[in-house]
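Novice: Below is a structure I'd like to ask you about.
The values are calculated or read from the model by the stated rules, or taken from the named source; none is laboratory data. This one's a predicted model, so the numbers in the text were calculated from it and none came from an experiment. Backbone-built Cβ (ideal geometry, glycine too); neighbour counts: all protein chains shown. What goes into the accessible areas is simple: the full protein's heavy atoms, side chains included, and nothing from ligands, DNA or RNA. Shrake-Rupley method; radii C 1.70, N 1.55, O 1.52, S 1.80 Å.
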There are 2 protein chains.
Amino acid sequence: MYIGVDLGGTNIAVGLVDIEGNILAKSSRPTLADRPFEEIVKDMAQLCVEVTEAAGHTMDEIKGIGIGSPGAVDHAKGEIIYSNNIPWNHVPLRDEMQKYFDHIPVNIENDANAAAYGEYSVNGKGSKTFVAITLGTGVGGGIVIDDKIYRGFNGIGGELGHFTLVHDGIKCTCGKLGCWECYASVTGLIRQTSEAIQKHPESQMAKIAAEEDHISGRTAFNAAKAGDPAAQEVVDAYIRYVADGIVSIINIFQPDLLVIGGGISKEGDYLLEPIKRFVAENTYCKDIAQSKLAIATLFNDAGIIGAALSAKS
Amino acid sequence: MYIGVDLGGTNIAVGLVDIEGNILAKSSRPTLADRPFEEIVKDMAQLCVEVTEAAGHTMDEIKGIGIGSPGAVDHAKGEIIYSNNIPWNHVPLRDEMQKYFDHIPVNIENDANAAAYGEYSVNGKGSKTFVAITLGTGVGGGIVIDDKIYRGFNGIGGELGHFTLVHDGIKCTCGKLGCWECYASVTGLIRQTSEAIQKHPESQMAKIAAEEDHISGRTAFNAAKAGDPAAQEVVDAYIRYVADGIVSIINIFQPDLLVIGGGISKEGDYLLEPIKRFVAENTYCKDIAQSKLAIATLFNDAGIIGAALSAKS
């Protein structure tokens with residue numbers, strides 16, 4: 001039995017997870033990210049005990065604790081090098097957590113890697129290579145090769161949101177120009193929607209945004225489904241950005257399975273089908289077995305499950 | 001002792017290679033690529049015997065034969081799915097070669113994978129993750145993870161030339177728009193040089209091209225070194241394309257070492273130093289150990305050595 005901690009900028013979510021990836025109990029508290037990290041870790045530790053006892057177990061039965069954290073993670077040191085969501089800089093997360101549970105191995109993962117490993121453990125078993133991407137505020141990614149999270153030599157590999165899709169394009173939060181994340185994230189979609197609304201103030205999309213008093217990742221999708229041509233253009237161009245990045249990843253990795261998660265993935269087949277068509281037309285070699293594409297199914301639980309099972313080895 | 005076959009559109013080069021990656025003897029013949037594949041394989045087989053005997057050995061001492069072939073390679077079947085350089089379509093290369101050497105295991109690799117494994121075996125030992133890219137007529141790539149060539153689930157993974165660098169950019173030979181290969185290959189550089197010559201017919205670069213009666217991958221580099229500002233612009237923009245792709249690969253893989261090979265790599269530090277600067281400024285996380293960059297050293301021998309040693313396992 002393992003414990004997974006999904007540390008986010010807003011909430012700390014903790015779950016007790018069995019070896020099959022079932023969540024036996026879960027609980028959460030607000031992160032209150034501006035506190036000293038020691039207080040955040042104390043809450044995490046309390047939640048670990050809480051979920052274990054809630055399921056009728058004791059900490060003696062726990063074989064490992066995994067923490068999925070935002071930011072750049074030095075996996076070997078168990079340290080968060082830095083994070084934007086939680087204002088951390090060289091935080092020794094593993095050592096601090098280990099103070100509460102000195103006999104239980106603690107593993108620190110990047111949150112996108114943890115989510116990928118969760119999806120892999122439940123939906124990707126048997127894949128030689130598995131890729132998960134998350135279309136959220138940013139674009140996260142995780143790669144599992146031969147049952148192991150791929151991390152590169154320094155622990156921060158697998159950043160699938162930060163390859164260039166548009167040479168000399170928009171400046172990314174990472175500092176580089178034209179990252180896939182700038183175009184395929186919810187943030188990118190909102191920017192694309194906002195620009196289209198300025199060009200087409202008469203559109204249904206503009207009306208929806210005005211009624212809701214803000215633009216979200218759903219604005220263009222909802223207006224497109226209601227038949228608005230300006231919104232359809234936004235959605236088509238957005239999906240093209242997403243799909244072009246996915247083809248790139250497939251050409252590099254040729255994974256058995258690539259799953260798409262994050263907020264936008266709730267559009268389901270409306271998102272997936274045009275991506276599949278673009279991918280089928282554009283992958284490098286069409287005359288061989290092709291990577292499968294699917295929508296992620298675990299949503300917010302992926303982080304808990306993946307973090308927990310990442311502590312297995 | 002192993003034999004490596006580097007099959008190219010122009011020549012078949014074969015070498016006898018020891019376990020350390022030293023070439024003990026080598027020989028080559030023209031491919032004459034339009035012949036039936038059986039004749040090409042017959043020449044390969046004769047060359048294998050020739051190099052072995054030239055070094056004073058017998059085929060009984062050979063532990064494996066590796067063939068690096070252009071095109072999309074079905075590694076498991078030992079088949080060339082298709083190739084442009086040699087007009088092949090579903091050619092059972094391993095089975096045909098095995099007819100000559102039924103007791104020696106034969107391994108078929110993509111040529112870029114073989115070259116990468118050669119560089120790795122000689123220059124990358126101890127790397128957890130090693131990446132080689134080849135800036136040639138196209139852009140090839142190979143990835144070695146935990147001492148194994150990375151191939152993806154269907155055998156054709158590791159195509160580093162075919163991720164999108166310019167969304168909706170130039171049409172690539174692979175069919176997709178805007179592949180890195182279109183901008184970072186010799187072919188791309190020649191196109192960029194040619195366009196600049198049309199814009200700047202008064203430039204030294206234009207004069208060099210007229211004198212030599214053609215444009216090559218060296219035209220802009222040579223003119224830039226001679227102080228031509230128009231050529232310098234071409235070189236700067238070209239190196240930016242190359243470096244932007246390399247940053248993308250580093251952000252994804254975080255390799256211990258990435259080596260740059262192929263014709264353009266002969267520019268040495270003149271190419272490498274500005275790439276290093278761009279990479280240092282643009283990688284995802286600067287506050288952790290960084291991937292090393294180097295120029296490949298084996299040139300044409302990489303394919304022979306890598307093909308040979310790929311037959312090890």
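Novice: Applying 1/(1 + (r/R0)^6) with R0 = 45 Å to the Cβ-Cβ distance of residue A:27 and residue B:269, what FRET efficiency is obtained, to the nearest 0.05?
Specialist: 0.20
Novice: Please compute the per residue accessible area over the protein assembly as shown with all protein chains in place, 1.4 Å probe, rounded to a whole number of Å². Mind showing how you got there, number by number?
Specialist: Working: 24320 Å² over 626 residues.
Spelled out: the 1.4 Å probe surface of the protein assembly as shown, per residue, equals 39 Å².
Novice: Output wanted: per-residue J couplings in Hz (rounded whole) for the range B:53-62, from phi through Karplus 6.51 cos²θ - 1.76 cosθ + 1.60, θ = phi - 60°, x for Gly and Pro.
Specialist: These are the phi-based 3J(HN,Hα) values: 5, 4, 8, x, 10, 10, 4, 4, 8, 7 Hz.
Novice: Also, quick follow-up: P(r) for the range A:142-207: what percent of alpha-carbon pairs falls in each 5 Å bin, starting at zero?
Specialist: 4, 16, 17, 15, 15, 13, 9, 4, 4, 3, 0
Novice: Let me ask another. Using only alpha carbon positions, build the gyration tensor of the range A:1-52, then give the equivalent ellipsoid semi-axes as the square roots of 5 times its eigenvalues, largest first, whole angstrom. Present the calculation step by step, with values, prior to reporting the outcome.
Specialist: Values: eigenvalues 90, 20, 12 Å².
Its equivalent ellipsoid spans semi-axes of 21, 10, 8 Å.
Novice: Sketch the reach of a paramagnetic label on residue B:216 as a point 7 Å from Cα along Cα-to-Cβ, and name the residues of the range B:1-28 whose backbone nitrogen lies under 20 Å away.
Specialist: What the label zone holds, given the 20 Å backbone N cut-off, is B:9-11.
Novice: Label points 7 Å out from Cα along the Cβ direction at residue B:294 and residue B:103: separation in nm?
Specialist: Inter-label distance under the simple model: 3.9 nm.
Novice: Another question about this same structure. When a/c reaches 1.5 or more, the comparison of a/b and b/c decides; with that in mind, is the range B:198-313 rounded, prolate or oblate per its Cα gyration tensor? Don't jump to the answer; show the numbers that get you there.
Specialist: Numbers: a/c = 3.19, a/b = 1.47, b/c = 2.17.
Because a/c hits 1.5 or more and a/b fails to exceed b/c, the range B:198-313 counts as oblate.
Novice: I would also like to ask the following. Can you tell me the dipole magnitude for the range B:1-154 around its Cα centre, using point charges on the Cβ only (Lys, Arg +1; Asp, Glu -1), in Debye to the nearest 20?
Specialist: The calculation lands at about 340 debye.
Novice: Hey, if you put +1 on the Cβ of every Lys and Arg and -1 on every Asp and Glu Cβ in the protein assembly as shown, which of A:5, A:164, A:252 ends up farthest toward the positive end of that dipole?
Specialist: Sorting the options by dipole projection puts first A:164.
Novice: Further question on the same structure: Rounded to the nearest 20 debye, what is the charge dipole size of the range B:257-307 about its Cα centre when +1 sits on each Lys and Arg Cβ and -1 on each Asp and Glu Cβ? Intermediate values should be presented prior to the final figure.
Specialist: Numbers: 5 positive and 6 negative charges, 15 e Å.
Charge dipole of the range B:257-307: 80 debye, to the nearest 20.
Novice: Moving on. If you roll a 1.4 Å probe over the range A:1-146 with all protein chains in place, what percent of the accessible area is carbon or sulfur? Don't jump to the answer; show the numbers that get you there.
Specialist: Numbers: 2850 of 5790 Å².
C and S fraction of accessible area: 49 percent.
Novice: For a quick check: with amide H placed at 1.01 Å from N, whose amide H comes under 5 Å from residue A:64's, ignoring anything fewer than 5 positions away on the same chain?
Specialist: When sequence neighbours closer than 5 places are left aside, the close amide H contacts are A:3.
Novice: Checking the table A:128/A:312; A:286/A:312; B:77/B:125; A:99/A:266; B:225/B:276; B:26/B:207 against a 30 Å threshold on Cα-Cα, which pairs fail?
Specialist: Numbers: A:128/A:312 18 Å; A:286/A:312 37 Å; B:77/B:125 28 Å; A:99/A:266 39 Å; B:225/B:276 19 Å; B:26/B:207 40 Å.
A:286/A:312; A:99/A:266; B:26/B:207, as the Cα separations exceed 30 Å there.
Novice: What Kirkwood Rh does the protein assembly as shown have if only Cα atoms enter the pairwise 1/r average? Answer in Å.
Specialist: On the way: mean 1/r = 0.0385 Å⁻¹.
Averaging 1/r across every pair of different Cα atoms and inverting gives 26.0 Å.
Novice: Right, here's the next one. Using only protein heavy atoms and a 1.4 angstrom probe, determine the accessible area buried between A and B, summed over both sides, in Å² to the nearest 100. Each step should come with its number before you reach the end.
Specialist: Working: alone 14500 and 14440 Å², together 24320 Å².
Using a 1.4 Å probe, the pair buries roughly 4600 Å².
Novice: Whole-Hz Karplus ³J(HN,Hα) for the range B:256-262, in order, using 6.51 cos²θ - 1.76 cosθ + 1.60 and θ = phi - 60°, x for Gly and Pro?
Specialist: The phi angles translate into 4, 9, 10, 10, 10, x, x Hz.
Novice: Rounded to the nearest 5, what is the percent of antiparallel bridges among the DSSP beta bridges in the protein assembly as shown? Don't skip to the end; give the middle numbers.
Specialist: Numbers: 61 of 99 bridges.
About 60 percent, rounded to the nearest 5.
Novice: While we're on this one: Suppose each label sits 7 Å from its Cα in the direction of the beta carbon; what would the residue A:225-residue A:171 distance come out to in nanometres?
Specialist: A separation of 3.7 nm, rounded to one decimal place.
Novice: Sum -39500 (n - 2.57) across every DSSP H segment of at least 4 residues in chain B, then divide by the residue count to get the 222 nm mean residue ellipticity, nearest 500.
Specialist: Working: 10 runs with 121 residues, N = 313.
Dividing the helical sum by the residues of chain B leaves -12000 deg cm²/dmol.
Novice: Work out the charge dipole of the protein assembly as shown with +1 on the Cβ of Lys and Arg and -1 on the Cβ of Asp and Glu about the Cα centre, then indicate which of B:141, B:93, B:16 is farthest towards its positive end.
Specialist: B:141
Novice: At a 1.4 Å probe, what is the % contribution of carbon and sulfur to the accessible area of the range B:243-308?
Specialist: On the way: 1130 of 2140 Å².
C and S fraction of accessible area: 53 percent.
Novice: Can you give the alpha-carbon Rg of chain B over 2.2 N^0.38 Å, where N counts its residues? Working shown, then result.
Specialist: Numbers: Rg = 20.0 Å, N = 313, 2.2 N^0.38 = 19.5 Å.
For chain B, the normalised Cα radius of gyration is 1.03.
Novice: Determine the percent antiparallel among the DSSP beta bridges restricted to chain B, to the nearest 5.
Specialist: Values: 30 of 49 bridges.
Taking every DSSP beta bridge with both residues in chain B, the antiparallel ones total about 60 percent.
Novice: Using Cα centres only, tell me the gap between the range A:44-101 and the range B:1-55 in whole Å.
Specialist: Measuring centre to centre over Cα atoms gives 55 Å.
Novice: A further question follows. Nothing charged except the Cβ atoms of Lys and Arg (+1) and of Asp and Glu (-1): what's the magnitude of the dipole of chain A about its Cα centre? Round to the nearest 20 debye.
Specialist: Approximately 500 debye in magnitude.
Novice: Return the average number of partner chain Cβ atoms within 10 angstrom of each residue Cβ along peptide A:121-128.
Specialist: Values: counts 0, 0, 0, 0, 0, 0, 1, 5.
Taking all residues of A:121-128 together, the mean is 1.
Novice: Can you tell me what percent of all Cα-Cα pairs in the range B:1-93 are more than 19 Å apart?
Specialist: Details: 1645 of 4278 pairs.
Of all Cα-Cα pairs in the range B:1-93, 38 percent lie more than 19 Å apart.
Novice: For the range A:13-121, what is the percent of antiparallel DSSP beta bridges, rounded to the nearest 5? Could you put the intermediate results ahead of the total?
Specialist: Values: 11 of 16 bridges.
Of those bridges, close to 70 percent are antiparallel.
Novice: Would you please classify the overall shape of the range B:80-149 from the alpha carbon gyration tensor, given that a ≥ b ≥ c denote the square roots of the eigenvalues, rounded means a/c under 1.5, and beyond that prolate means a/b larger than b/c while oblate covers the rest? Spell out each step's value before the answer.
Specialist: Values: a/c = 2.98, a/b = 1.38, b/c = 2.16.
Taking the square roots of the gyration eigenvalues as a ≥ b ≥ c, the range B:80-149 is oblate.
Novice: Amide H of residue A:296 versus every other amide H placed in the peptide plane: which residues, excluding those fewer than 5 positions away on the same chain, fall under 5 Å?
Specialist: A:260, A:261
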